[in-house]
């Protein structure tokens, strides 16, 4: 193999690695983590999920933008929850609004982004 | 089209390279595509286009490749890139689910169209209406009204939404219809 061939092949392999990474990224579900949920005031009769929906609603984050809301610690009153979004754009939009909401109201909470790998088998149509 | 120009440069530079390996600087020159802000759908589509173009240029112009045995290895790399592109393209497309035995579906409200019936199903299964893009079905001669439609195809906005919809519908069909209505995906 000549030097130019080696170079071409090496670059093809770099592209392949990038495509692999990108595929992994698209396969994963875009999420937000709210750490410090209990610092955000809630109605006395709300459960944690209603509490989160209420926070999302007050930040104009529509229900149909959300795939699921999870309680990874399984506590009755979780302090950390995960919100799964239907795509990356909406997750980033929600991140911006929720971060601002936490800062403006001086809640002792942290909003962070996370990508969760899907466990289901992908079926192509 | 960052990658098109990147790849064109790569093709042009084939003829005048003297080094035997890809140096670190060249690798580091490749743009960071995976920073979070770069991964919007539009950016991804643009990237897929660019990659598709680059792979097509090589595949359609074999003279650009060195005429000896190493072409096998390079073709192998191109083949793998194509497979990756197909995967990416599939992931970025709207996704379809098909509901079978749709005529068994009982709806509480009086509905007159298949679309209304699907909306009613989505409401009962707690699935947002606007996760779907389109509803289609095949009309058969013996079908006298919408209640006779046997299967319905629903196009969902993306792969993640499709997976969640399948999960919710499976739960609902299992609980309410004992799986006499089912969807085609595992």
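The values are calculated or read from the model by the stated rules, or taken from the named source; none is laboratory data. Fair warning: this is a prediction, and the values are worked out from it, not measured in the lab. When we count neighbours, we look across all protein chains shown, and the Cβ atoms used for this are built from the backbone with ideal geometry, even at glycine.
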> So which pairs qualify, if the first residue must be in region B:157-172 and outside the structural domain of residue B:125 (by TED's automatic domain parsing), the second must be in a helix (DSSP H, G or I), the Cβ gap must be under 9 Å, and the two must be at least 6 apart or on different chains?
Replying inline: none
>> Just checking: which of the strands (runs of 3 or more DSSP E) contained wholly in region A:7-120 hold 3 or more residues that are in contact (Cβ under 8 Å) with a residue 40 or more places away in the chain, surrounded by 13 or more Cβ atoms within 10 Å (Cβ to Cβ) and in contact with a strand residue (DSSP E or B) (Cβ under 7 Å, 6 or more places away or on another chain)?
In response: A:29-35, A:80-85, A:110-116
> When you go through (1) more than 21 Å from residue B:154 (Cβ to Cβ); (2) at pLDDT 80 or above; (3) more than 10 Å from chain A (Cβ to nearest Cβ) one by one for residue B:114, which number turns out not to apply?
Replying inline: (1)
